[in-house]
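The values are calculated or read from the model by the stated rules, or taken from the named source; none is laboratory data. Because the structure is a prediction, the values reported are computed rather than measured. Cβ placement follows ideal geometry from the backbone for every residue including glycine, while neighbour counts extend to all protein chains displayed.
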Amino acid sequence: MNRFAYQMYEMTHLALSPARAMSDAARLVFKNPMNPWSHTVVGRNIAASAELFERMTRRYGKPVFGLDTTTINGVEVAIQEDVVWQKPYCNLLHFRRMTPSLATGQSKLLLVAPMSGHYATLLRGTVEAFLPYYDVYITDWNDARIVPRNVGNFSLDDYIDYVIEMLQHLHATSPGVAVHAVGVCQPSVPLIAATALMEARDDLAIPASITLMGGPIDTRCSPTAVNRLAQERGIDWFQRNCVVHVPFPYPGTGRAVYPGFLQLSGFMAMNIDRHVGAHLEMFNHLVEGDGDSAEKHREFYDEYLAVMDLDAEFYLQTVEKVFVEHALPKGTFMHRSERVDLAKIRRCALMTVEGERDDISGVGQTYAAQTLCTGIPEKRRKHHLQKSVGHYGVFNGSRFRSEIVPEMRKFMAGAEKKA
């Protein structure tokens, strides 16, 4: 890939700044109710066009969770976000309930968010669904371009170490309280690897259960377009075409990364017709004055278009071990100098969740963990195939809340009783 691709992207972004500012000003002028043109079809078309141009050329910052309250036993409880553990590449966020007496006896839930381009806020709905029932924590991964270069690189081994240390932290701060861990998509691999390593070491911080949701445990099962691309191109292609260096003046200047803007182009290209259609719909909603529908579009794309850079070492290791070599299902997955043996898992209960229409992690890829974890008794396993949902619906949306969450809660409760 062109070594100056990141610099060219930055220059293009800066070059568009004046046009973006003018477009935003035009939007404000033609939406002002004091302007007679704002009440005409022409005025509404100009305002809608200006807003879409500004939105499509801006850089989206890191979103906030914005979860200020939850309801526990029919009582509204305030929520406060606290950072309770941190390292250069990750903060562990705790959604602390400000009336802890109402949540007495509730177990801890660690949500291991993907480090795959989007921020942890992509799991906002996941967090919100579990807040009434668990003491919720989530991994909030940092953008690699803002991590100082002198900190060093971040690898898949580091990811696994981070997960182990966070589980140990939760155990140490509340001994005797059950901890459940959930890996959403990509972190299914490091989470189950961390669990196997902890079991092999007889670590007391082993979680009561782990739940893997839409994760690439064995991508040879029902391979998707994403899986086939990795298999056909090989790791050298990704090294040449997906890795660039962070430009000045970011703290991570010089760090090799898989940049967010490149990831976003890949995300959009997979469903380009859907995204073009969505923006055309938003244009029509704005012209018609349908503010509610336009706002839903804004909320979704404010989240979807906010992306972060990944450290190249982590990205390339993940592609190679998970998607090219299939190291985990073959039993050759190494964490530093230690082989990861999933058969070592015996105390921790296992649940796998898949979506019937998942076009990222095909049906069977996550279920593969059930056949690999031979040390877990059958009564401490559960698999759930959710009908009529795709990848996103596995961890968000109405079916997630009404059908998947109750099954997960039931499973976790059972894991605690049998622990």
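Among the residues of the range 324-371, none is identified as touching a Phe, Trp or Tyr at 6+ places or on another chain (Cβ under 8 Å), within 13 Å of Cys221 (Cβ to Cβ) and in a loop (DSSP other than H, G, I, E, B).
Scanning the range 245-264 for residues that are farther than 20 Å from Arg58 by Cα and β-branched (Val, Ile, Thr) yields Thr253, Val257. Looking only at residues of the range 123-148 that are of a type in the set (D, E, K, R) and closer than 17 Å to Tyr304 by Cα, we find that the one that is surrounded by the most Cβ atoms within 10 Å (Cβ to Cβ) is Asp143.
Contact annotation: no residue pair with Cβ atoms under 9 Å, 6 or more positions apart or on different chains, pairs a residue in the range 76-102 that is outside the structural domain of His171 (by TED's automatic domain parsing) with a partner that is in a loop (DSSP other than H, G, I, E, B) and among the basic types (Lys, Arg). For the range 380-398, a residue qualifies if it is modelled with pLDDT of 95 or more and part of a helix (DSSP H, G or I), and the qualifying residues are Arg380, Val394. All of (1) on the phi > 0 side of the Ramachandran plot; (2) in contact (Cβ under 8 Å) with a residue 40 or more places away in the chain; (3) surrounded by fewer than 17 Cβ atoms within 10 Å (Cβ to Cβ) hold for Ile235 with one exception: (1).
Say we look at the range 192-229 and pick out the residues that are among the β-branched types (Val, Ile, Thr) and more than 18 Å from the chain's Cα centre (by Cα); which of these is surrounded by the most Cβ atoms within 10 Å (Cβ to Cβ)? Once the filter is applied, the top-ranked residue is Thr195.
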